[in-house]
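J.: This is the structure, below, for whatever I ask next.
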Amino acid sequence: MARSISASSDSFVLSLTPSGDYVLFASFANNLVASEHSSGFVDLYLWCCTNGAVSLVSLSNQGGSGGNCNSCYGNVTPDGRYVVFQSDANDLAANDLNHAADVFVRDIAAGTTALVSVNRQGTGTGNGESSNPVITPDGRYVAFVSAASDLVAGDANGVDDVLLFDRLTGQTMLLSQQVDGVSAASGKSLAHTLTPDGNTAIFNSIAPDLVAGDSNGTVDVFAVSIDRTTPSHEVPVITLAGALRQGALITINWAAAPGWSYRVEYKDSLEEPSWHDLPGVVMIAGATASFADQSAASLQRRFYRVRLAE
């Protein structure tokens, strides 16, 4: 599909899928999507070459426009569904309070943005900057660099580390770990990548204690195998994408984990003492689950929660 009007400002490419079907790019322009305003910040966009559609990736959680600061350094999965990126904006996801760059994943199909550089308590951003993310082709793992000390246990080295976030389990793992398997390495680690099959993370480090016998006193390259199994006892994190009303129908969407069943509960007022089960069928398509509530047609509002089915 041809675009008849050129962008109103500079744009530059960040990532291209192997098939060439999707292009991730950054732009100062404010006329690439209908909802964007003239913020003066760099936003990220995904262009689909098959239909010419342009999607705003760095979307504010306050509405249809871009975030309140610059977004950059991103890449996209081969199927064009997931975009991982770095942003200084604090209005892309809830509880972004660290006033520093953070890492996010945008699910283009579900229309949701999730914080990747989340602290150990799961309450929000870490206490330092996180940057330079890369994502596995299936969208499950995100590797990134972080100066934060509260994303994982044992990080007391005061320098940048390389970490891996599992989007399926919600866990963050320290890759630049001492040979003892407990503490962060004693030197800075950075410049990471993931192999095309997503099974190995590769990074540079000045630290001498990542492996035994490292006594050359200079930067070395290290490879860490990624355990792609899902422990049977692991409970997935449920990330709600929101509720959409279309006439008398309200549809609730959330990120789904393979092998798990869900149930949806509701309250018509938060003052009610208990939640009520909603009868019906949860529909799961890939990594997204949805539930259609047809019983709220006459209501102005309704509150929902999603739970794992026992």
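The values are calculated or read from the model by the stated rules, or taken from the named source; none is laboratory data. These numbers were taken from a predicted model, which means no experiment stands behind them. All Cβ positions, glycine included, derive from the backbone under ideal geometry; neighbour counts span all protein chains shown.
J.: Looking at the range 1-60, which of its residues are assigned to a strand (DSSP E or B) and modelled with pLDDT under 75?
T.: Ser11
J.: Which residues, counting only those in the range 230-265, are outside any strand (DSSP E or B), at pLDDT 70 or above and on the phi < 0 side of the Ramachandran plot?
T.: Once the filter is applied, which keeps residues that are outside any strand (DSSP E or B), at pLDDT 70 or above and on the phi < 0 side of the Ramachandran plot, the range 230-265 yields Ala248, Ala256, Ala257, Trp260, Ser261.
J.: Under 7 Å between Cβ atoms, which residue pairs at least 6 apart in sequence (or on different chains) link something in the range 131-159 that is surrounded by fewer than 18 Cβ atoms within 10 Å (Cβ to Cβ) with a partner that is part of a loop (DSSP other than H, G, I, E, B) and not polar (S, T, N, Q)?
T.: Pro137/Pro78; Pro137/Pro196; Pro137/Gly198; Asp138/Gly198; Asp150/Arg120; Asp150/Gly126; Ala153/Arg120; Gly154/Val182
J.: Name the strands (runs of 3 or more DSSP E) wholly within the range 144-219 that hold at least 2 residues that are charged (D, E, K, R)?
T.: Counting at least 2 such residues, we get 161-166.
J.: I'm checking my understanding of the structure. Among residues of the range 283-297 that are modelled with pLDDT of 80 or more and not in a strand (DSSP E or B), which one is surrounded by the fewest Cβ atoms within 10 Å (Cβ to Cβ)?
T.: That would be Gln294.
J.: Continuing with this model, one more query. Kindly evaluate Phe144 against the criterion of being at pLDDT 95 or above and either in contact with a strand residue (DSSP E or B) (Cβ under 6 Å, 6 or more places away or on another chain) or assigned by TED's automatic domain parsing to the domain that holds Arg81 (or both).
T.: yes
J.: Among the residues that make up the range 172-195, is at least one of them touching a residue at least 12 places away in the same chain (Cβ under 8 Å), within 21 Å of the chain's Cα centre (by Cα) and farther than 21 Å from Gln86 by Cβ?
T.: no
J.: Okay, moving on. Determine if the range 266-277 includes at least one residue that is in a strand (DSSP E or B), surrounded by 13 or more Cβ atoms within 10 Å (Cβ to Cβ) and modelled with pLDDT of 75 or more.
T.: Yes, some residue in the range 266-277 is in a strand (DSSP E or B), surrounded by 13 or more Cβ atoms within 10 Å (Cβ to Cβ) and modelled with pLDDT of 75 or more.
J.: Here's something else I'd like to know. Can you tell me which residue among Gly111, Gly126 is under 16 Å from Arg81 (Cα atoms) and either touching a residue at least 24 places away in the same chain (Cβ under 8 Å) or β-branched (Val, Ile, Thr) (or both)?
T.: Gly111
J.: Could you tell me how many of the residues in the range 185-203 are under 17 Å from Asn157 (Cα atoms) and either modelled with pLDDT under 90 or β-branched (Val, Ile, Thr) (or both)?
T.: Residues flagged as under 17 Å from Asn157 (Cα atoms) and either modelled with pLDDT under 90 or β-branched (Val, Ile, Thr) (or both) within the range 185-203 amount to 1.
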